[in-house]
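The values are calculated or read from the model by the stated rules, or taken from the named source; none is laboratory data. Remember, predicted model here, so these are calculated numbers, not experimental data. All Cβ positions, glycine included, derive from the backbone under ideal geometry; neighbour counts span all protein chains shown. Protein only, heavy atoms only, side chains kept; ligands, DNA and RNA dropped before computing areas. Shrake-Rupley method; radii C 1.70, N 1.55, O 1.52, S 1.80 Å.
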Amino acid sequence: MRSFILVSFVLSAFLPLSALAETTQKSHGIAIHGEPGYPADFTHFNYVNPAAPKGGELRLASEGTFDSFNPYIIKGVAGPGFQPEALLAASADEAASEYGLIAESLEWPENRAWVTFTLRPEARWHDGQPITVEDVIFSLETISTKADPYVQNAFAIIKSVEKVGDRQVRFYSAEIGNREFPITAGSLPILAKHYWESRDFAKSTLEPPLQSGPYRIKDFEAGRYVIQERVKDYWGKDLPVNRGQDNFDSIRTTYYQDDDVIKLAIKSGEIDYRNERSSSAWAQDYDVPAIAKGWLKKESIPHKRPQGIQGFFLNTRREIFKDPKVREALGYVYDFEWSNKALSFGLLTRSTNFFGNSVLASTGLPEGRELEILEQYKDQLPERLFTDPFTIPTTDGMGWPRDNFRKAFILLEEAGWIVRDLKLVNAQTGEQMTFEMLLASKGMERTVLPFVNNLRQLGIDVRTRLVDQSQYYNRISDFDFDIVIIKLSASISPGTEQRGFWTSETADRKGSGNFSGIHDPAIDALVERVVSAKDREDLVASVRALDRALLWGFYVIPQFHTEDDRVLYWDKFSRPEITPWRGTSTAYWWFDQEKAEALATNMARNRLSEDNKDGTETAAPETISEPLFNPAIIDAFLAGLEELGLPPEKVRGFFTFQLFTDPEAFFQKDNWRPYALTATLLLLLLLARRRRRNRVEEN
């Protein structure tokens, strides 16, 4: 008995009481709050078709360029293809639940101070080597030291990791009690140690990295295209979290320098799928025969995901934007109502919150639990936050918001800015208010210029700077901008990622997501309340409090959002009947052979019908026996052009232009001849002009 008491005393002296009484839970999945929605024996997610056939190709488009395959570092502009798998995989129809992917199970204590993952023995890299605990440990070390600051911050909650078994790895939390910790650890991208240990992860690379997922990079040309092929012997293809997904044999992403050319590409059939984000383009740019005939589908697919925030982010690191009255004044100048009516056909919805389209958005005056939280920081928050409902400035949509201008002038004068000689100048220094809006595409100009014109009406010297995407990303990472348009997505269960957007710790960390440079102790504290929320009710109240504090800080001038996914796709694909609340995704779609054959037949029949000028009917072939056009036609026409001193490449460019403007007419066997005749006459005129110029020079 004495020995038992002695042993107990020694154990209690060297082990925490919690360790002795600690109870753990082991499961196939985990939720931040509550229990995961899918049971241990689930076979697939509800929003997929588990019997979806594999095969076919999906052709996508991307604007800009790429010069790297590593999206986890600051250097370079990453292209598609490198998507490391994680220990867990999320479902698209739950707020925050994840299930085993590389890990077959996980175990954690009640306080979530640690989490242990058991790896699947069948998990393999594409080179056949097994995914090991050493790979997981190496991944955390690499991401924590070499990834860009935003990514590092996302996993900063992980204190350490250790091997606790042949297939078991344990992560320790830097914040005991943080309910999000196991999911954060489970979402760590897993890297192949034997591949990366001989390479510098911090450097951009165009060598396709070794992966373990359903696709690998088959072919690419830097800045032009990437082709991913489905891995036929993918180790995880039959897992419940993967069944019914990743159905295309090949995914080709082609890069275009201009968004207008991408629109032409989808209409001509050069690409298969496009998510149209421009409301004006959606309203007026797709009135084409292919849609009228039902070949090219144009669908609005509703979703229920939180909208986050898209808007003009004001860089408070700049002296001009440090005063909240200046930031508030500029918000009165943005005339959303006119822009929506005149430019977007009224198809947009004004964003009014940082967590809009969800129960997380603050409304009216704070009350209940939200008010209790905010009152703890009352001395650090604006007084109006407790007395006035926050409202976004609105206009009558007539294009001349005079009342808003007047309110803006009052605020600017209170901040020390007055009008002299039709210029808004600092009352003390006499310097005019001047700033720049940084843009990455011409499509942005259309949205920005009306706002710029209104700002100039106040006497502000506003400039727009359009740069290429590489320079754009570099300048944003370095916070080298005055105002920039940013879109931040929102989770239905916000957590540690919010630190990277709003906290003082990340304000001066280059590459972070704190674009406005927010330094505010009250917001820091509210973010921590969100991170440490004990249950769903506490989380909702904490997020609403954070949302309200951000709104009253006037760091962002909110723009707009849509409440559906507007997609265009050629009618050779099918998708599940159920759309999860997060929205549709081509990850759940599949190539439908019957639809593809019907589409080809209908297009062929249409061409034959147009070719038949004498009124007789010609039976359409059941399948297309040759491509939409015969390249030999063009190649034959281009032959011999070098003898005329005209590079064939330039002439081919002429044909390419014709292809985009009217591909169906151009590539019909009879209709190509008028183009060729016109081109021939043009070439003869150019040749005659050149010979005349040569004779003049000789004389």
Per the charge dipole of segment 448-488 (beta-carbon charges, Lys/Arg positive, Asp/Glu negative, Cα centre), the residue among Gln469, Asn454, Val484 reaching farthest to the positive end is Asn454
Heavy-atom accessible area per residue of the chain, all protein chains kept, 1.4 Å probe, expressed in Å², is 48 Å²
Taking 352-359, 251-258 and ranking on average Cβ neighbours within 10 Å, highest first, one gets 352-359, 251-258
Each label sits 7 Å from Cα toward the beta-carbon; between Arg318 and Lys534 the label points are separated, in nm, by 4.5 nm
A correct Karplus calculation of ³J(HN,Hα) over segment 431-445, with 6.51 cos²θ - 1.76 cosθ + 1.60, θ = phi - 60°, whole Hz and x for Gly and Pro, returns 7, 6, 5, 9, 7, 10, 9, 8, 10, 10, 8, 5, x, 5, 4
Ordering 538-545, 65-72, 177-184 by per-residue average of other C-beta atoms within 10 angstrom, highest first, gives 538-545, 177-184, 65-72
Sorted list, accessible surface of protein heavy atoms, 1.4 Å probe, largest first, for Leu371, Leu58 is Leu371, Leu58
Two pseudo-spin positions, 7 Å from Cα along C-beta at Ser470 and at Lys487, lie apart in nanometres by 2.5 nm
Whole-Hz Karplus couplings 3J(HN,Hα) for segment 69-74, θ = phi - 60° and coefficients 6.51, -1.76, 1.60, Gly and Pro as x, run 10, 10, x, 9, 10, 6
Listed by chain and number, the residues whose amide H is under 5 Å from that of Phe312, excluding neighbours fewer than 5 places away on the same chain and using placed H, are Ile557, Gln559
Relative contact order as a percentage, the chain, C-alpha pairs under 8 Å and 6+ apart, gives 17 percent
Shape call for segment 335-440, from the Cα gyration tensor axes a ≥ b ≥ c (a/c under 1.5 means rounded, otherwise prolate when a/b beats b/c, else oblate), comes out oblate
With a Förster distance of 30 angstrom and the Cβ-Cβ distance between His303 and Gln593, calculated FRET efficiency to the nearest 0.05 equals 0.60
For segment 242-250, in residue order, the Karplus 3J(HN,Hα) values (coefficients 6.51, -1.76, 1.60; θ = phi - 60°; whole Hz; Gly and Pro = x) are 10, 4, x, 10, 6, 9, 8, 5, 8
About its Cα centre, the chain carries a charge dipole, from +1 on Lys and Arg Cβ atoms and -1 on Asp and Glu Cβ atoms, whose size in debye to the nearest 20 is 1060 debye
Rounded to one decimal in nm, the spacing of the 7 Å Cα→Cβ label points at Asp67 and Arg692 is 4.5 nm
In segment 23-79 the accessible area split gives carbon plus sulfur, as whole percent at 1.4 Å, a share of 51 percent
Here the relative contact order (percent) of segment 211-282, from C-alpha pairs under 8 Å and at least 6 apart, is 24 percent
Amide H proximity to Ser68 below 5 Å, modelled H, separation 5+ or other chain, gives Val77, Gly79
Rounded to whole angstrom, the alpha-carbon centroid of segment 147-172 lies from that of segment 379-457 at a distance of 45 Å
Treating only Lys and Arg (+1) and Asp and Glu (-1) as charged, each at its beta carbon, one finds that segment 19-96 has a dipole about its Cα centre, in Debye to the nearest 20, of 200 debye
Taking a ≥ b ≥ c as the square roots of the Cα gyration tensor eigenvalues, with a/c under 1.5 meaning rounded and otherwise prolate when a/b beats b/c or oblate if not, segment 442-573 comes out oblate
Once amide hydrogens are built 1.01 Å from N within the peptide plane, the residues lying 5 or more places from Leu210 or on another chain with amide H under 5 Å from its amide H are none
Honestly the chain on the Cα gyration tensor test (a ≥ b ≥ c root eigenvalues; a/c under 1.5 rounded, otherwise a/b vs b/c for prolate or oblate) is just oblate
Rounded to the nearest 500, the 222 nm mean residue ellipticity computed for the chain from DSSP H runs (n ≥ 4, each -39500 (n - 2.57)) alone is -10000 deg cm²/dmol
